[in-house]
Amino acid sequence: MIMNYEEDVKIDDSALDIECADQASLFLKYAKHAAEARRTLDDVKQSLDITKAEIDKQIREDPEKFGIAKVTEGSIQSAILTDKTYAKAYKTFSDAKFEADMAQNAVQAMNTKKDMLETLTKLHGQSYFAGPRVPRDLTKERQLKEKKVDSGVAKHLIRRTT
């Protein structure tokens with residue numbers, strides 16, 4: 001399942017009511033995805049362990065086939081790590097671990113979004129956005145801030161490369 005973490009974590013501060021109303025179902029979506037990713041990781045880890053055990057058994061039965069002259073635990077472990085089947089299984093495990101980690105990070109981001117919605121709602125209730133002038137356009141201010149940061153990073157990178 002492809003999740004759009006970056007978009008879903010953003011807050012539309014001009015529609016706090018909708019953001020708050022949608023937060024619980026959005027959190028559940030990511031919590032479910034994280035649980036599924038952890039289950040997949042567990043399955044892939046089990047498969048990796050089985051692959052490792054099978055290769056270990058093959059090496060012990062025919063060490064010469066794996067280029068081992070003297071059978072030691074170290075030589076067996078080295079042969080397992082360099083085996084193509086194990087490398088492929090480990091790559092699958094690594095990918096599943098990354099996905100599980102990212103899914104858990106998304107759940108944490110949804111918690112942070114909830115906290116920020118609460119803060120923005122309190123600020124709104126305290127008339128933070130009210131005043132004798134037109135309320136600030138936070139979306140526009142954020143975009144301007146991002147442009148300044150992006151241009152500052154670009155200038156920093158240009159200075160570092162010259």
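The values are calculated or read from the model by the stated rules, or taken from the named source; none is laboratory data. Computed from a predicted structure; not experimentally measured. Every residue, glycine among them, receives a Cβ derived from its backbone with ideal geometry; neighbour counts consider all protein chains shown.
Listed by position, the helices (runs of 4 or more DSSP H) inside segment 1-82 whose residues that are among the acidic types (D, E) number at least 2 are 5-8, 16-61. Does T119 satisfy the criteria of being within 27 Å of Y30 (Cα to Cα) and in contact with a Ser or Thr (Cβ under 7 Å, 6 or more places away or on another chain)? When the stated conditions are applied, T119 does not pass them. Listed conditions (1) at pLDDT below 80; (2) within 24 Å of D22 (Cα to Cα); (3) outside any loop (DSSP other than H, G, I, E, B) are all met by F129, apart from (3).
Residues of segment 1-49 that are within 17 Å of T112 (Cβ to Cβ), among the small types (G, A, S) and within 16 Å of the chain's Cα centre (by Cα): A31, A34.
Yes/no matrix, rows are residues, columns are (1) within 30 Å of R39 (Cα to Cα); (2) modelled with pLDDT under 95; (3) surrounded by 10 or more Cβ atoms within 10 Å (Cβ to Cβ):
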position: A53; (1), (2), (3): yes, no, yes
position: D101; (1), (2), (3): yes, no, yes
position: T112; (1), (2), (3): yes, no, yes
position: D137; (1), (2), (3): no, yes, yes
position: E146; (1), (2), (3): no, yes, yes
position: R159; (1), (2), (3): no, yes, no
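If the condition is being buried (at least 17 other Cβ atoms within 10 Å of the Cβ) and small (G, A, S), then segment 55-99 contributes A79, A89, A96. Being touching a residue at least 40 places away in the same chain (Cβ under 8 Å), touching a Ser or Thr at 6+ places or on another chain (Cβ under 7 Å) and over 16 Å from R39 (Cα atoms) is the filter here; which residues of segment 64-99 pass it? Once the filter is applied, which keeps residues that are touching a residue at least 40 places away in the same chain (Cβ under 8 Å), touching a Ser or Thr at 6+ places or on another chain (Cβ under 7 Å) and over 16 Å from R39 (Cα atoms), segment 64-99 yields only A89. The residues in segment 52-81 that are over 24 Å from F93 (Cβ atoms) and touching a helix residue (DSSP H, G or I) at 6+ places or on another chain (Cβ under 7 Å) can be counted, and the count is 2.
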